[in-house]
1. Would you pick out the residues in the range A:94-111 that are over 23 Å from A:Arg318 (Cα atoms) and outside any helix (DSSP H, G or I)?
2. On the basis of being in a helix (DSSP H, G or I), touching a Lys or Arg at 6+ places or on another chain (Cβ under 6 Å) and among the small types (Gly, Ala, Ser), does A:Ser341 make the cut?
3. Could you check A:Leu36 against (1) crowded, with 24+ Cβ neighbours inside 10 Å; (2) over 28 Å from B:Thr72 (Cα atoms); (3) in contact (Cβ under 8 Å) with a residue 60 or more places away in the chain and say which number it fails?
4. If I go through the range A:1-45 residue by residue, how many of them are within 25 Å of A:Thr183 (Cβ to Cβ) and part of a helix (DSSP H, G or I)?
5. Just to be sure I understand, how many residues within the range A:160-199 are assigned to a loop (DSSP other than H, G, I, E, B), touching a Ser or Thr at 6+ places or on another chain (Cβ under 9 Å), within 14 Å of chain B (Cβ to nearest Cβ) and of a type outside the set (D, E, K, R)?
6. For A:Lys245, work out the one condition from (1) more than 30 Å from A:Ile354 (Cα to Cα); (2) among the basic types (Lys, Arg); (3) within 14 Å of another protein chain (Cβ to nearest Cβ) it doesn't fulfil.
7. Among the residues of the range A:369-409 satisfying the criterion of being of a type in the set (Asp, Glu) and more than 14 Å from A:Tyr296 (Cα to Cα), which is surrounded by the most Cβ atoms within 10 Å (Cβ to Cβ)?
8. Just need a number here: residues in the range A:287-305 that are open to solvent by 30 Å² or more (accessible area, probe 1.4 Å), away from chain B (no Cβ under 11 Å) and touching a helix residue (DSSP H, G or I) at 6+ places or on another chain (Cβ under 9 Å).
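The values are calculated or read from the model by the stated rules, or taken from the named source; none is laboratory data. The structure displayed is predicted, hence computed values, not measured ones. Methodologically, a virtual Cβ is constructed for each residue, glycine included, from the backbone with ideal geometry; neighbour enumeration extends over all protein chains shown. To get the accessible areas, we keep the full protein, side chains included, count just its heavy atoms, and leave off ligands, DNA and RNA. Shrake-Rupley method; radii C 1.70, N 1.55, O 1.52, S 1.80 Å.
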Amino acid sequence: MFKSYSELNKALSQKETTCVEVVNAYIQEIDKRKSLNAFLEVFAESALKTAESVDAKIANGTAGKLAGFVISLKDNICFKGHKVSASSKILEGFESIYNATVVERLLAEDAIIIGRLNCDEFAMGSSNENSSLGYVRNPIQEDKVPGGSSGGSAAAVAAGLCLAALGSDTGGSIRQPASFCGTVGLKPTYGRVSRYGLLAYASSFDQIGPLTNNVEDAALLLEVMAGKDHMDSTSSSREVANYSKPEESGKKRKIAYIKETIDSDGVDPEVRASVLKSIEQLRADGHEVEAISFPYLDYMVPTYYVLTTAEASSNLSRYDGVHFGYRSESAKDVESTYVASRSEGFGPEVQRRIMLGTFVLSAGYYDAYYTKGQKVRRIITEKTEEIFSRYDFILTPTTPATAFGLGENIDDPITMYLQDIFTVQANLYGGPAISLPMGNHSNGLPFGIQLMASKFEESKLLSFSKELMS
Amino acid sequence: MQITDETVDKIAELAKLKFEGEKKQEIKKDLNKVLDFVEKINELDTEGIEPLIHISDEINVLRADVSENNTTQQEALKNAPKKDNYYFKIPKVIQD
C-alpha cells in the first residue's frame, strides 16, 4: 500500500491506479486485519461512491488537493448519515445528522472517508481497553495495547488500513497511541482546528488532529482542516499558514529538554538512551540543546484530572435517555429514565470520571479542587510560556515506555492516568505537540519522541519535525 | 478528604447515576484513590494567582443575530429512543 499521499497522488495522476481501486484495496486490507478490532465500521458504499466521483474529477482536472486521500475517523467525529458512538453503549445506533467541520473540509478537498475507528469510550483512556466494543490490538505485537484513546486510529494507520486517521487529543490521546504504534501523531494548538462535530469530552482541552505515516501528510491534513469556523467560537481567526510548504526550513533551533522527563526512574532505559542520542544528533547538526528543570511535572496529571473530569461531567449530562441514544428498559418515570439509562449506558471509567467531575464541582469543594486546578493550570501555562520565550521547542519522550500488555494496567486507574505524564502539558497550556516515531526498542515495539512548541507555531514545529525525520 | 457512602450517594444523585452494593464500594475506593492522587495540587502555593478559564485567545466572538435552521424536525427526532411524528416520548411524568 501507499506510504504517503504524495506517492498516492503521483500514482493517481499518472493513471497507474484509480480511487476506486485504492478504496477496494484498503477494504481488503481492513478485512485481513479484522482481528485488530480497529474498525468499528467500514463505510464501503459511501467510500466507493465518493471514489467514483473523485476519479471523474481527476479525469477532468477539477480534483481537490486531497483527491483520493483515504482517511478514517475516530468514532467521536460526526460524518452525516453515518453512525458515531464514541465506542459507548449509550450511543449505540446513533447516526450523525451533520458533518463535523473537519469532515466537511476534508470532503471539500476530495478526501475519501473509509470508516470509523474504535477508541476508548468518550476518549477516556490510554489503552483502548475502555471501549464498549472490545479492545484493539497493537498491529506490531497483537498481545499489546495500541494506546489510547485514539487506539483504533493509530492501529489502522500503522497496519496500513488507511492512509491517515483523525484522532482527538485531550491529554495525549493522539500522541501516546502514535508512539505505541510507530506513527506520527499531531495535536494542534487549542483553537487551530474547529471542534464542531467532535463528541465533547473536555472542551477546554480537546483538539482534533491527524495520525499519519509521515510529517508531510500531517502537515497537509492540518492545512486543510485548520482555520476559523463560525460553528466553534473557540476556533482561532489567525491565518492558516501553508503547513505543507514550510518556509522556515534549515534554521538552527534552540531546544530545551526537561531533565526530569529523562532522569525519572519510570523511563525505560532504552527510551532514555534513544532520546539522549537524538539530543546528541541535534547538537551535531548545529542546534542548541539545553537541559532545563521543570518542577511542575508531578502536578500536571492531577491538574488535568480535576479539570477534565469537571468538564466531562458537564458535557456528558446531555446523555439523558430522552433525546437520543440509549434508554433503559426499566425507565418508568423521569428520574429512572435518566438514572437507569446513564448507569446502564456508560461504562465504568466514564462513570468514574463523571463522579469525580461532579464531586470537584459540587458545593463546598468547588474552590478547593476546581478553582485550585484552574489556578495551577495558569501557573503551568505561564511557566511553559516562559520556556518558549527562550527556546523554540521542548523535547521529551512521548511516553515513558513502549506499549504494555493487554489487561496489564486495567485494574489501576492511577497507573493508567500516568501514561499521559509527558503529553498532558501541551493540553494544559494549549500549544501544539507532535509525536515522531524514533525507532524500535529491543522488545520489537516502536516508541516516539515528542516536540512541543509555543501556541500557533505549527509551521515551525512541522518543518523542524520534517527535518528531524529525514 | 475521605469519600464516604453518603458522599457517593450525594454525588451520584447529582450526576444521575446509581451505585449499589459492590459497585458502590468499588466507586468509593476508586474515588478515594483518585482524590488522594489529585490532592497533590494543594502542595502548590496559588496565593494571588487568577484561575485560568479561557484557553482560546479569541475575544468577543460575535455574529449577526440571524437564525439558521439546519436541522429539520425529522432529523432532530431521528435518534430518539422513543418518539412519534412530532415529539420525543418519555414515560408518564405525573403518576396516577
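1. Selection gives A:Glu109, A:Asp110, A:Ala111.
2. Yes.
3. Failing condition for A:Leu36: (1).
4. Count: 25.
5. Number of matching residues: 9.
6. It is condition (3) that A:Lys245 fails.
7. The extreme case among them is A:Asp392.
8. 3
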